[in-house]
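Following: one structure in structure tokens, then a few remarks.
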Amino acid sequence: MTRTKCIYCNQEITTPSKEHVIQNALGGLYESTDICCPQCNNYISKYIDAPFTTIFNPIISRIDKFSKTNNTKSEPPCTGYVIYNGQKYIANIKSGKVVSCPELSRQLHCDATKLPLEIVEYKFDLQNTYFQQGMNKIAFNYALASGIDSKLLQHGLHIQKSPSDISSITFNYPLIPFYAMNPIDNYLELETKMGLYHSMILFQQHTRLWCYIDLFNTFQYYVLLSDKMPTNGTPIYKSYAQTLQKPDRTPPELDICRHKDIMIYANQYGVEPCPDIAEFSRRIKNAINKKSQKKKLSDIISAKMNAMPFDYPIHMMSDSSQMMMFYQSLHLYFNENEELQEHNFRTLTVAPKTYNAVPYPDAILHTTKNNQTKLREYTMSKFNRLNSYLCQNNK
Ligand SMILES: [Zn+2]
């Protein structure tokens with residue numbers, strides 16, 4: 001069903017305008033044309049998207065072959081920390097290079113950028129309202145693009161209208177930071193090789209509608225979109241995932257001297273083998289051109305699981321209750337054929353002691369109410385992983 005009226009101003013959409021569910025500046029590829037009119041789209045991109053996406057400048061400027069469609073060449077400036085003589089200083093950075101470090105320059109009465117400075121950390125400001133607004137908008141857009149009736153989402157949307165125009169749009173949905181509450185999630189998030197992707201899961205639990213958002217596989221939050229969902233009918237579930245780097249589409253130089261070589265290439269590119277080399281190269285070229293950045297969430301997770309050493313639980317689980325948590329969460333997420341049971345992933349977790357399956361966001365809320373330590377530790381670990389990835393890319 002296509003909407004004909006703008007979600008914000010309620011005017012008829014006469015000219016469709018593309019709205020990216022995840023902001024284009026962050027490489028989001030999912031587009032919808034029936035969310036809003038061009039005027040409201042402009043408002044959103046200026047006052048919500050622009051300040052939100054600035055937060056991620058350190059990442060945007062450091063990813064090779066980053067897939068955004070506008071300003072592909074721009075490498076926005078950002079701030080981070082450098083180490084000099086064992087001391088940490090804040091610095092302005094562009095394209096992985098320090099452009100100024102005022103504090104150190106003052107201290108040493110010289111241009112600090114001439115010194116051998118090592119960038120060790122980038123700065124992300126997640127405490128500002130732009131972060132909350134931007135995450136809210138992603139969840140809101142994803143729900144609309146998935147066909148959720150906008151009436152069910154109205155309560156978290158505040159619009160102020162002057163007689164002629166919209167004067168402000170704000171979102172007001174609760175944001176709950178994710179943290180890995182079971183050993184499988186802990187493994188997936190902290191023990192596997194760092195790979196950058198975005199994912200979203202829209203799901204219903206009783207009367208609640210949640211959207212789980214994971215940006216750059218680091219910024220992970222649940223957004224509570226509604227607690228007045230009708231419970232007749234199948235609960236809503238939808239997921240989306242994409243990688244952030246454009247796949248390399250240069251066709252390979254085929255080096256075929258044996259029959260075996262054809263089989264090796266056929267496997268590598270997922271094409272039918274063929275003895276006619278010209279035809280075979282054409283098939284490979286087609287396969288490369290079809291490579292998509294959009295992925296199934298289950299494929300991303302399965303690839304990570306396949307990389308788990310078989311003796312991982314023995315080395316990582318210190319006691320029998322942890323071992324039990326490990327196997328129960330494995331059982332919760334994967335069936336006997338080791339396929340991901342997507343509906344359970346990030347929507348449910350395993351409760352300690354009882355080992356029952358419990359709703360994920362509620363379990364987080366419950367545990368963090370009196371103690372934020374685990375959440376802080378997890379967030380730090382995720383940041384450290386991202387930072388070492390970005391700082392490594394500087395070299
Ligand atoms: Zn509008």
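The values are calculated or read from the model by the stated rules, or taken from the named source; none is laboratory data. This is a predicted model, so every value here is computed, not measured. Note: ideal-geometry Cβ built from the backbone for every residue, glycine included; neighbour counts use all protein chains shown. SASA here: full protein model, heavy atoms, side chains in, ligands and nucleic acids out. Shrake-Rupley method; radii C 1.70, N 1.55, O 1.52, S 1.80 Å.
In the chain, the calculated helix contribution to ellipticity at 222 nm averages -9500 deg cm²/dmol per residue, counting -39,500 (n - 2.57) for every DSSP H run with n ≥ 4. Computed on the chain, with alpha-carbon pairs under 8 angstrom and 6+ residues apart, the relative contact order is 13 percent.
From the alpha carbon centroid of the range 184-244 to that of the range 8-64 is 20 Å. Label-to-label distance for D299 and Q341 is 2.4 nm, based on points extended 7 Å past Cα in the beta-carbon direction. For the residues Y265, Y47, Y179, a GNM of the chain with alpha-carbon springs under 10 Å puts the largest fluctuation on Y265.
Karplus-derived 3J(HN,Hα) values for the range 196-201, using 6.51 cos²θ - 1.76 cosθ + 1.60 with θ = phi - 60°, are 8, 8, 10, 8, 9, 10 Hz; glycine and proline are entered as x. Dipole of the chain (Lys/Arg Cβ +1, Asp/Glu Cβ -1, origin at the Cα centre): which of T15, N136, Q268 lies farthest to the positive side? Toward the positive end, the furthest listed residue is T15. Straight-line reach from K290: which lysines have a Cα under 20 Å away, not including same-chain ones fewer than 8 places off? Result set, ordered by chain and number: K65, K68, K246. A straight Cα-to-Cα reach below 19 Å connects K123 with the aspartates and glutamates D49, E75, E103, D214, E377, residues fewer than 8 places away in its own chain not being considered.
Measuring only protein heavy atoms, the 1.4 Å probe finds D111 accessible over about 70 Å².
Is the C-alpha gyration tensor of the range 245-395 telling us rounded, prolate or oblate? Criteria: a/c under 1.5 is rounded; beyond that, a/b larger than b/c is prolate, otherwise oblate.
Working: a/c = 2.72, a/b = 2.07, b/c = 1.31.
Judged from the Cα gyration tensor, the range 245-395 comes out prolate (a/c at least 1.5, a/b above b/c).
Each residue, S321 and T373, gets one label point 7 Å from its Cα in the Cβ direction; the gap between the two is 1.4 nm. Rolled with a 1.4 Å probe across the full set of protein chains, the surface gives C257 an accessible area near 110 Å².
Within a straight-line Cα-Cα reach of under 19 Å, K5 can be paired with the following aspartates and glutamates, leaving aside sequence neighbours fewer than 8 residues apart in one chain: E19, E31, D34, D149, D165.
Could you state the per residue volume, in Å³, of the convex hull enclosing the Cα atoms of the range 177-257?
On the way: hull volume 14.1 nm³, N = 81.
Enclosed volume per residue, from the Cα hull, is 174 Å³.
Working note: Karplus 6.51/-1.76/1.60 with θ = phi - 60° gives the range 22-31 the couplings 9, 3, 4, 5, 9, x, x, 9, 7, 10 Hz, where Gly and Pro are set to x.
Computed from phi, the 3J(HN,Hα) profile of the range 312-321 under the Karplus parametrisation 6.51, -1.76, 1.60 (θ = phi - 60°) reads 3, x, 5, 7, 9, 9, 8, 9, 5, 6 Hz, with x in place of Gly and Pro. Pairs of Cα atoms in the chain fall into 20 Å distance bins, from 0 up to the last occupied one, in shares of 23, 51, 25, 1 percent. Measuring how big the range 60-122 is from its alpha-carbon positions, Rg and Dmax come out at 13.4, 43 Å.
Convex hull of alpha carbon positions in the range 352-395: directionally averaged projected area 4.2 nm².
Please compute the length gained on full extension between S381 and L152, using 0.36 nm multiplied by the number of residues separating them and subtracting their Cα-Cα distance. Don't skip to the end; give the middle numbers.
Working: separation 229, 0.36 × 229 = 82.44 nm, distance 3.60 nm.
Working it through step by step, the gained length comes to 78.8 nm.
Using a 1.4 angstrom probe on heavy atoms only, work out the carbon and sulfur share of the accessible area of the chain in %. The nonpolar share, carbon plus sulfur, comes to 51 percent.
Taking amide H atoms as placed 1.01 Å from N in the peptide plane, the amide H of I13 lies under 5 Å from those of K5, C6, each 5 or more residues away in sequence or on another chain.
Determine the alpha carbon to alpha carbon distance for each of K97/K291; K137/K161; K94/K291 and list only those over 29 Å. Before the final figure, lay out each step's value.
Values: K97/K291 33 Å; K137/K161 19 Å; K94/K291 31 Å.
Pairs exceeding the cut-off: K97/K291; K94/K291.
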